[in-house]
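Participant: Please see the structure below; I have some questions.
The values are calculated or read from the model by the stated rules, or taken from the named source; none is laboratory data. If you're wondering where the values come from, they're calculated on a predicted model, not measured in any experiment. So basically every Cβ, Gly included, is an ideal-geometry build from the backbone, and we count neighbours across all protein chains shown.
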Amino acid sequence: MHPNDKIITAFFLLFLLLLTGTFAYHNLEGWNYVDSVYFTAMTITTVGYGDLVPSTDISKLFTVAFSFAGISIALVILVSIGGEYYNKERRLMRYRIQQYMNNRDIRVKERLKKQRKRLRSRKTSISKRDNVFSLFNR
């Protein structure tokens, strides 16, 4: 499954959850749709200002079941969205490190090649004494 498909599915589930709660509270409590969406969102996000409260026994029972299911589903949705973002950043970082290592390897190989070429191009032989003193003159 493509990462964008997971995020689209998560938002679809969140929308479906909001829709379910909205229609349930509209029918059970007789609230208008704005109040129903508002109460559903406050229930799912566990904010609960307390300005709207279920009044019938059936709507209270629905709220208990909906809270357990809605909060769990919302948490899973948020975790999946965060996980996809984290995986995207991790893949990007891995790509950048790989690019850096590839470039570094190329630079090291080029430097070694230049050193070999320079050593081969020397016409005169260097005595051991000259070689030792050349280490200190760098």
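Participant: Pick from the range 30-47 the residues that are assigned to a helix (DSSP H, G or I) and of a type in the set (Phe, Trp, Tyr): which of them is farthest from the chain's Cα centre (by Cα)?
Facilitator: My answer is Tyr33.
Participant: Please indicate, with yes or no, whether at least one residue in the range 28-38 is within 30 Å of Asn87 (Cβ to Cβ) and among the aliphatic types (A, V, I, L, M).
Facilitator: No, the range 28-38 contains no residue that is within 30 Å of Asn87 (Cβ to Cβ) and among the aliphatic types (A, V, I, L, M).
Participant: If you don't mind, there's one more thing I want to ask. Mind listing whichever residues of the range 25-75 are within 21 Å of Leu14 (Cα to Cα) and of a type in the set (D, E, K, R)?
Facilitator: Listed by number, the list holds a single entry, Asp35.
Participant: Looking at (1) part of a helix (DSSP H, G or I); (2) out of contact with any Asp or Glu (no Cβ under 6 Å at 6 or more places or on another chain); (3) modelled with pLDDT of 80 or more, which is the only condition Gly50 fails?
Facilitator: Gly50 satisfies all of (1) part of a helix (DSSP H, G or I); (2) out of contact with any Asp or Glu (no Cβ under 6 Å at 6 or more places or on another chain); (3) modelled with pLDDT of 80 or more except (1).
Participant: Is one or more of the residues making up the range 55-73 part of a loop (DSSP other than H, G, I, E, B) and modelled with pLDDT of 85 or more?
Facilitator: Yes, there is a match, as at least one residue in the range 55-73 is part of a loop (DSSP other than H, G, I, E, B) and modelled with pLDDT of 85 or more.
Participant: Going residue by residue through the range 6-29, is there one that turns out to be part of a loop (DSSP other than H, G, I, E, B) and either touching a helix residue (DSSP H, G or I) at 6+ places or on another chain (Cβ under 9 Å) or touching a residue at least 60 places away in the same chain (Cβ under 8 Å) (or both)?
Facilitator: Looking through the range 6-29, none of the residues is part of a loop (DSSP other than H, G, I, E, B) and either touching a helix residue (DSSP H, G or I) at 6+ places or on another chain (Cβ under 9 Å) or touching a residue at least 60 places away in the same chain (Cβ under 8 Å) (or both).
Participant: Can you report the number of residues in the range 74-111 which are under 15 Å from Ile7 (Cβ atoms) and aliphatic (A, V, I, L, M)?
Facilitator: Number of matching residues: 6.
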